[in-house]
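S.K.: The structure follows.
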Amino acid sequence: MSATFVDFQQVYLSYDDSSAFAVEDITLSARAGEFIAIVGPSGCGKSTFMKLATGLKRATRGSVTIQGQQVSGPLKFVGMAFQAPTLLPWRSTLDNVLLPLEIVEPYRSEFKRRRGEYVEHAMRLLKAVGLDAHAKHYPWQLSGGMQQRASICRALIHQPRMLLLDEPFGALDAFTREELWCVLRDLHAEQRFNVILVTHDLREAAYLADTIYVMSKRPGRIVARRENPLPGPRELDVTYTEAFSALVHELRERIGSVRSA
Ligand SMILES: Nc1ncnc2c1ncn2[C@@H]1O[C@H](COP(=O)(O)OP(=O)(O)OP(=O)(O)O)[C@@H](O)[C@H]1O
């Protein structure tokens, strides 16, 4: 069993310092390399949870630690990707992927000297997601799925120990989404970074995550924790099995009972 990587202990967050909490009593821990998914109804606090995990927001009460260190400000060893790929339109795919290295230390001060090495690394990532032939293309020359692949490469370029994904595949068609599930599965299997995936898509959570947490509506609380019974890494065929459907149904029921509560 690996050591704990992310640890939330009775965490509360209020945006306006009132007693109205956006999230309440969150206790959760993830092992190093674990892939967790957070699912729940709209507005339950999934994005708030992300802000707490990256240090963008500080807990009003309780403690958030990463590798045993209290989180007290924005963390550098985190990569993030969101529903909108947010690539800069005037930069090529390759230059978009390199962007964090031009901004974040210690890479920034080494950027000019080590550019060749950084480009090699970016090209390896682009190859892993099938985009190496598009490195010189601009975002407007890429499909939505290709842009999202590029934004995942950008999130991984500084070899983060933790990858935070907020509905990263929400805007994509079902086929592209499933293709990107496989891309993410393979990158995770190879590099074993921690992943926190926030999603409305229960199939996505059941396919990708080692552990799935269900949150209640505001104030967001964790109402269920489910370890994925299906051995990983999973092939897409698993999504047609009874065991997979049973897991998705179970999650749906838990969310249903949260919504009607
Ligand atoms: N900056 C903010 N200031 C005040 N309240 C906020 C702020 N951000 C979020 N909230 C409130 O906190 C609660 C949780 O919001 P959050 O965005 O974390 O939910 P979510 O589960 O990610 O929602 P969705 O699934 O719709 O994206 C909501 O009631 C929201 O109105």
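Every number in this text was worked out from the coordinates using simple rules, so none of it is lab data. What you are looking at is a predicted structure, and each value in this text was computed from that prediction instead of being measured. Glycine also receives a Cβ, built like all others from the backbone with ideal geometry; neighbour counts cover every protein chain displayed.
S.K.: Take the conditions basic (Lys, Arg) and either farther than 22 Å from Ser29 by Cα or touching an Asp or Glu at 6+ places or on another chain (Cβ under 7 Å) (or both) and apply them to Arg185. Does it pass?
M.R.: no
S.K.: Does the stretch 36-84 hold any residues that are at positive phi, within 16 Å of the ligand (Cβ to nearest atom), surrounded by fewer than 22 Cβ atoms within 10 Å (Cβ to Cβ) and touching a residue at least 60 places away in the same chain (Cβ under 8 Å), and which are they?
M.R.: Hit for the stretch 36-84 is Gly43, nothing else.
S.K.: Among the residues of the stretch 74-128, how many are in a helix (DSSP H, G or I) and of a type outside the set (Val, Ile, Thr)?
M.R.: Count: 29.
S.K.: Scanning the stretch 85-102 for residues that are within 15 Å of Leu156 (Cβ to Cβ) and hydrophobic (A, V, I, L, M, F, W, C), which turns out surrounded by the fewest Cβ atoms within 10 Å (Cβ to Cβ)?
M.R.: Within the stretch 85-102, the match that is surrounded by the fewest Cβ atoms within 10 Å (Cβ to Cβ) is Leu99.
S.K.: Looking only at the stretch 109-162, which residues are closer than 21 Å to Phe77 by Cβ and either basic (Lys, Arg) or touching a Gly at 6+ places or on another chain (Cβ under 8 Å) (or both)?
M.R.: Within the stretch 109-162, Arg114, Arg124, Arg154, Ala155, Leu156, Ile157, His158, Pro160, Arg161, Met162 meet the criteria.
S.K.: Scan the stretch 208-259 residue by residue and report those that are under 24 Å from Ser19 (Cα atoms) and hydroxyl-bearing (Ser, Thr, Tyr).
M.R.: The answer is Ser216, and nothing else.
S.K.: Is there any pair with a first residue in the stretch 197-208 that is within 14 Å of the ligand (Cβ to nearest atom) and a second that is of a type in the set (Ser, Thr, Tyr) and not in a strand (DSSP E or B) whose Cβ atoms are under 7 Å apart and which are 6 or more apart or on different chains, and what are they?
M.R.: Val198/Ser47
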